[in-house]
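Readers should treat all values here as calculations from the given coordinates under stated rules, not as data from a laboratory. This is a predicted model, so every value here is computed, not measured. Here the Cβ positions follow ideal geometry from the backbone for every residue, glycine too, while neighbour counts run over all protein chains shown.
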């Protein structure tokens, strides 16, 4: 496969010799874990496990070319997705709960993860798409360093739930080409109820600011994303995600050129599937066409205009 004409960010760090050093600095976060904003403080170097239930080694559920992502990531060859097991969130409606909450997957060492990245590049994928990476950043930097030394030369996508530590993100500066965070909630109170994270909105906003500082607005060349920020926002019933706060914030505080995927696929799953939902009964149903249209209208009224398939 021919590499993209634009050199991925991490190739510069490899050539300067900084990439392995960055991996060493990231490893130091594991001894009293501060990798994500939960800052559990466990010693993952000794395989202790905190909220994310991941010790020293990353756990991977699956990998392969994926054609269900946003069009600029998919192109003709697909997005080379690698699904990390476990999560630093605990979303009650998670649609991948078998991976994120139930732990389906197997531990691998960084050199094996590097081999997977090379395999996806050889298969013709346009990028390496790291799904739910927030809790395994040190291991990913080590793997990317190894893969880059073996010839990896396609963009790296950081596909997170948005609950990312700014300090950890700074270690990724110059490594990640495309940031694709969720902007799940505009309300800390609702985030506490639905994802067990009482400071989500504050942390997410700081994280997205840092991501945009690093990579800017999404750059698309010949239909394929090569660098920049892409934000996802899942619309919830009865505006529980507070789209009216999240979308204008993106426009006003990040950029009106932000590429935003406003998603309509919410359905009851995991802990809200088939159960009585006393506090938020609307979660027992999917969203309506009017609810989705309202979120899109909010985004457009705020000045956002780069959307997939809208």
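Miscellaneous remarks
- Rounded FRET efficiency, nearest 0.05, which uses the C-beta distance separating residue 293 from residue 245 and R0 of 22 Å: 0.75
- Pairwise FRET efficiency - residue 25 versus residue 123, Cβ, R0 = 30 Å, nearest 0.05: 0.45
- Stretchable slack from residue 252 to residue 209, in nm (0.36 nm times residue separation minus alpha-carbon distance): 14.3 nm
- With Cα atoms, 0 to 90° folded angle of helix 289-302 axis to the chain main axis: 70 degrees
- Angle in degrees between helix 200-215 and the longest Cα principal axis of the chain, rounded to the nearest 10: 50 degrees
- By the count of neighbouring beta-carbon atoms within 10 Å, fewest first, 81, 76 end up ordered 76, 81.
- Rounded to 5, the percent of DSSP beta bridges in the chain classed as antiparallel: 35 percent
- Counting every other Cβ atom within 10 Å of each residue's Cβ, 306, 142 order from fewest to most as 306, 142.
- Between residue 150 and residue 34, the modelled labels are 3.3 nm apart [label points 7 Å from Cα along Cα→Cβ].
- Between 0 and 90°, nearest 10: helix 137-149 axis offset from the chain longest Cα axis: 40 degrees
- Taking 0.36 nm per residue of sequence separation and removing the Cα-Cα distance, the residue 170/residue 12 pair yields an extension gain of 55.3 nm.
- Added length on full extension, which subtracts the Cα-Cα distance from 0.36 nm per residue, residue 43 to residue 192: 51.1 nm
- Separation of the stretch 223-280 and the stretch 148-191, taken as the distance between their Cα centroids, equals 16 angstrom.
- Likely footprinting exposure, 236, 230, 45, fewest C-beta neighbours within 10 Å first: 45, 236, 230
- Using the Cβ-Cβ distance between residue 301 and residue 222 with R0 set to 25 Å, the FRET efficiency from 1/(1 + (r/R0)^6) comes to roughly 0.20.
- Once both labels are positioned 7 Å from their Cα atoms along Cα-to-Cβ, the gap between residue 273 and residue 107 label points is 2.9 nm.
- Kirkwood hydrodynamic radius computed over the stretch 9-232 comes to 17.3 Å, based on all pairs of distinct alpha carbons.
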